[in-house]
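J.: Take a look at this one; I'll ask things after.
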Amino acid sequence: MTIFANVTPRELGYYFPAEWERHSATWLSYPHNEASWPGKIHTIFPFYHRFIKELARKELVNINVTGKEMEDKVTLELQEAGVNMENIKLHRLATNDAWCRDHGPAFVIDPGAENPKAIVNWKYNGWGGKYPAELDTTIPQRVGKILGLPVFHPDIVMEGGSVDFNGKGTLLTTTSCLLHPNRNPDLNQQQIEKYLMDYYGVEQVIWLGEGIEGDDTDGHIDDLTRFVSEDTVVSMVEHHKSDANYIPLKENLSTLGKVKLINGKPLNIIELPMPEPMYYEGQRLPVSYANFYIANAGVMVPTYRCKQDSKAISILESCFTDRPVIGLDSVEIIWGLGSWHCLSQQEPETAGER
């Protein structure tokens with residue numbers, strides 16, 4: 001395994017591809033932390049297994065487990081769920097939690113390089129020290145060793161859910177998360193932007209503002225606004241003026257309306273309605289249709305058993321005409337304060353793997 005020092009992915013020609021580009025695999029960390037779903041973790045598995053089943057129809061699913069006991073248990077449960085086990089690979093990589101979008105390996109590619117795929121090993125501190133992360137933060141380095149891939153070490157905190165990409169040089173993020181003092185207090189916006197450009201291989205960073213109510217990540221972009229093509233985003237909107245999300249989402253929409261892409265063209269913006277508010281034990285949950293995951297087999301969209309579900313799916317079907325849009329019930333999952341995108345991390349396919 002190569003460990004790059006004193007050189008960035010951008011300098012070597014690597015970049016982070018768009019999520020809709022073909023995957024060689026999806027990486028997951030199997031849920032086991034009862035504190036993330038207090039009193040309810042047993043309710044999530046039928047829905048989580050359905051997610052895995054859909055993924056495994058068209059790509060390899062790499063799942064991190066804590067050890068042999070969990071490996072045996074998960075194997076049996078996935079078999080019983082009718083999952084295509086030929087596309088399941090379990091790795092004994094212990095984690096603190098299941099949110100692989102944030103602690104998993106960030107894969108960058110350079111199709112013309114001797115090593116066409118590499119990993120960026122960002123630090124992970126449990127969303128600003130809110131939760132234990134001593135195991136989670138080791139995952140990218142350990143995956144790099146398993147796969148024999150080069151690894152870059154930016155040596156700053158960054159989470160996969162805080163960024164989104166069009167694969168053509170533009171990155172979306174939020175000031176509320178990346179400039180929060182619980183991440184990288186010694187860095188200003190300009191310095192963080194340079195890290196984004198250098199280690200994700202982008203040329204343009206679009207900064208939005210605040211996140212949605214109930215999001216304990218301090219405002220991840222994957223609950224707000226997502227690229228659906230190189231020049232188009234879907235962005236969450238709240239139509240009830242009395243709702244706490246109304247003003248922040250309206251302000252983000254206004255910011256997007258002023259954006260010019262690298263090619264000088266304006267950004268196409270498609271509005272997605274917010275679901276009805278959800279609460280559990282008095283706590284507002286971060287329900288959002290933007291937390292979809294684009295897999296080879298389809299676009300996995302969280303649904304919340306409310307009237308907006310069908311409208312959101314219809315809108316996303318108009319955006320993704322090359323693969324099905326699949327609504328997956330997220331009512332139990334969201335009690336963990338995240339959904340399908342938060343739980344998954346894609347590994348892009350390179351030419352040699354086809």
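J.: For region 200-213, name all the residues that are farther than 17 Å from Val237 by Cβ, crowded, with 20+ Cβ neighbours inside 10 Å and not β-branched (Val, Ile, Thr).
T.: Passing the criteria: Tyr200, Gly201.
J.: Here are His49, His42: which of them is free of Cβ contacts under 8 Å to residues at least 40 places away in the same chain and either of a type in the set (Ser, Thr, Tyr) or loosely packed, with under 14 Cβ neighbours inside 10 Å (or both)?
T.: His42
J.: Quick one: in region 200-218, of everything that is assigned to a loop (DSSP other than H, G, I, E, B) and over 28 Å from Lys130 (Cα atoms), which residue is farthest from the chain's Cα centre (by Cα)? Write out each step before concluding.
T.: Restricting attention to region 200-218, the residues satisfying the condition of being assigned to a loop (DSSP other than H, G, I, E, B) are 201-203, 209-218.
Cutting the leftovers down to over 28 Å from Lys130 (Cα atoms) gives us 201-203.
Values: Gly201: 18, Val202: 17, Glu203: 21 Å.
By that ranking, first place goes to Glu203.
J.: Taking the stated definitions as given, is Val143 assigned to a strand (DSSP E or B) and surrounded by 18 or more Cβ atoms within 10 Å (Cβ to Cβ)?
T.: Against the criterion (assigned to a strand (DSSP E or B) and surrounded by 18 or more Cβ atoms within 10 Å (Cβ to Cβ)), Val143 does not qualify.
J.: In a loop (DSSP other than H, G, I, E, B) and within 19 Å of the chain's Cα centre (by Cα): does that describe Gly161?
T.: Working: in a loop (DSSP other than H, G, I, E, B): no; within 19 Å of the chain's Cα centre (by Cα): yes.
No, not satisfied.
J.: Just to verify a result, which residue in region 123-137, among those that are in contact (Cβ under 8 Å) with a residue 40 or more places away in the chain and under 17 Å from Leu28 (Cα atoms), is surrounded by the fewest Cβ atoms within 10 Å (Cβ to Cβ)?
T.: Leu135
J.: Here's a follow-up. Could you grab me the full set of residues in region 98-121 that are farther than 20 Å from Ile221 by Cα and charged (D, E, K, R)?
T.: Within region 98-121, Asp110, Glu114, Lys117 meet the criteria.
Here is a yes/no grid of residues against (1) buried (at least 21 other Cβ atoms within 10 Å of the Cβ); (2) in contact (Cβ under 8 Å) with a residue 24 or more places away in the chain; (3) under 17 Å from the mean Cα position of the chain (by Cα):
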site: Ile156; (1), (2), (3): no, yes, no
site: Leu172; (1), (2), (3): yes, yes, yes
site: Asn188; (1), (2), (3): no, no, no
site: Asp198; (1), (2), (3): no, yes, no
site: His220; (1), (2), (3): yes, yes, yes
site: Val233; (1), (2), (3): yes, yes, yes
site: Asn245; (1), (2), (3): yes, yes, no
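J.: Identify the single condition in (1) in contact with a Phe, Trp or Tyr (Cβ under 8 Å, 6 or more places away or on another chain); (2) aromatic (Phe, Trp, Tyr); (3) outside any helix (DSSP H, G or I) that Trp27 does not satisfy, given that it satisfies every other one.
T.: (1)
Read-outs throughout are calculated quantities, based only on the coordinates presented, and are distinct from any laboratory measurement. This is a predicted model, so every value here is computed, not measured. Every residue, glycine among them, receives a Cβ derived from its backbone with ideal geometry; neighbour counts consider all protein chains shown.
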